[in-house]
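Report on the following structure.
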Amino acid sequence: MVEQFCEGNFLGLPESDSDADVVILSLPYELTTSYGQGTVNGPAACIEASGQVELYDSLLDDDLPAGQTILTANPWDGEGRTLEEQLQGIEKYLEEWLSGKAFPVVLGGEHGSLVAEMRALSKHPTLMGDLANLTIVQIDAHADLRDELDGEKYSHACAARRALDEGVGELIQIGIRAYSREEEEFIASDERVNTWFARDLITPCGGEKVWKSLLKEISRIQGPVWLTLDIDGLDGTLVPNTGTPVPGGLTYWQAVEVIETLFSADGCEVIGADVVEIVPGIESNLTQFTAAMLATKIIAAHIASV
């Protein structure tokens, strides 16, 4: 059964009876946060903030929705007494829309939902039944490669590790600057993981040269791609209300350049994306507005690529 429209549509766009080209999926999920809390309210705050985002994007000839239909689906119901039950519920919620019917943009919610996204995505026809064909591009402050945190293997701190356990073939990480010794050893030992540390991308010692090398690598990606954008990958000044803001991150324009480079790459097909770890600010709307702008950029880049 197709989800009905929720109250308040992304970008403030009117409802439509047409089949969806792009679908906005909300995961008000928060069960393993380890510092700042509030991600359960992040998707709704992002959708509300999106009503103030300009519909013009320089990639497109027309204002958004640029001839496409953007559906804002009802959010996941949040039901489940245990973490396992909640992840199963998220997978079921996402299954319909991560099967190739429309381009999905998932708004979250803590990053621990990534494993459920991968399980739902495994049925996407482009993957031919094998997640080994998928590359995840991860913008994040944290490596998320711990095997467990406080005894929980499905913690948000384990999101990328669990995605690899599901069979994902390649993981490209961008902006990483908070990680454990265990994670550093895993990065060095697992050939599926290619990590671009924020320090190398931003400091004067590497900076522009390393950044250009990253963009070149992104442009060479082959096959299906899932973009997972944890907004704490940006510098903490841009997203002060995310769960764990970290200094020394990407600028807004660097995130935009990664998105545009990825979607314009000749050899790859981005089959969906998430924007997660959104926590609404009380005194400032900057965090949710930044998230809404990045989600909008993803939609525009997708439309420009089809």
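The values are calculated or read from the model by the stated rules, or taken from the named source; none is laboratory data. Computed from a prediction, not measured in an experiment: that's the story for all the values here. Every residue, glycine among them, receives a Cβ derived from its backbone with ideal geometry; neighbour counts consider all protein chains shown.
Descriptive notes on the structure:
- From the list 215, 234, the lone residue that is crowded, with 21+ Cβ neighbours inside 10 Å and closer than 17 Å to residue 138 by Cβ is 234.
- Any hit, the range 82-101, residues being at pLDDT 95 or above, of a type outside the set (Asp, Glu), within 21 Å of residue 305 (Cα to Cα) and not in a loop (DSSP other than H, G, I, E, B): no
- For the range 196-236, the set of residues classified as modelled with pLDDT under 95 and not in a helix (DSSP H, G or I) consists of 203, 204, 205, 206, 236, listed by residue number.
- Within the range 258-294, the set of residues being surrounded by 16 or more Cβ atoms within 10 Å (Cβ to Cβ), touching a helix residue (DSSP H, G or I) at 6+ places or on another chain (Cβ under 7 Å) and under 15 Å from residue 57 (Cβ atoms) comprises 259, 260, 263, 292, 294.
- Among the criteria (1) among the aliphatic types (A, V, I, L, M); (2) at pLDDT 95 or above; (3) not in a strand (DSSP E or B), the one residue 157 does not fulfil is (2).
- Summed over the range 166-183, residues that are closer than 13 Å to residue 144 by Cβ and free of Cβ contacts under 8 Å to residues at least 24 places away in the same chain total 0.
- Of all residues in the range 1-14, those satisfying the criterion of being surrounded by 11 or more Cβ atoms within 10 Å (Cβ to Cβ), part of a loop (DSSP other than H, G, I, E, B) and modelled with pLDDT under 90 are 2, 3, 6, 8.
- Test: residue in the range 50-63 that is farther than 30 Å from residue 286 by Cβ, modelled with pLDDT of 95 or more and part of a helix (DSSP H, G or I): no
- Put simply, of 296, 290, 261 the only residue that is closer than 29 Å to residue 52 by Cβ and in contact with an Asp or Glu (Cβ under 8 Å, 6 or more places away or on another chain) is 296.
For every residue, the table says whether it meets (1) in contact with a Cys (Cβ under 6 Å, 6 or more places away or on another chain); (2) over 23 Å from residue 254 (Cβ atoms); (3) surrounded by 23 or more Cβ atoms within 10 Å (Cβ to Cβ).
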position	(1), (2), (3)
68	no, yes, no
82	no, yes, no
100	no, yes, no
106	no, no, yes
149	no, yes, no
154	no, yes, no
157	no, yes, yes
169	no, yes, no
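- Test: residue in the range 163-183 that is of a type in the set (S, T, N, Q) and within 23 Å of residue 83 (Cβ to Cβ): yes
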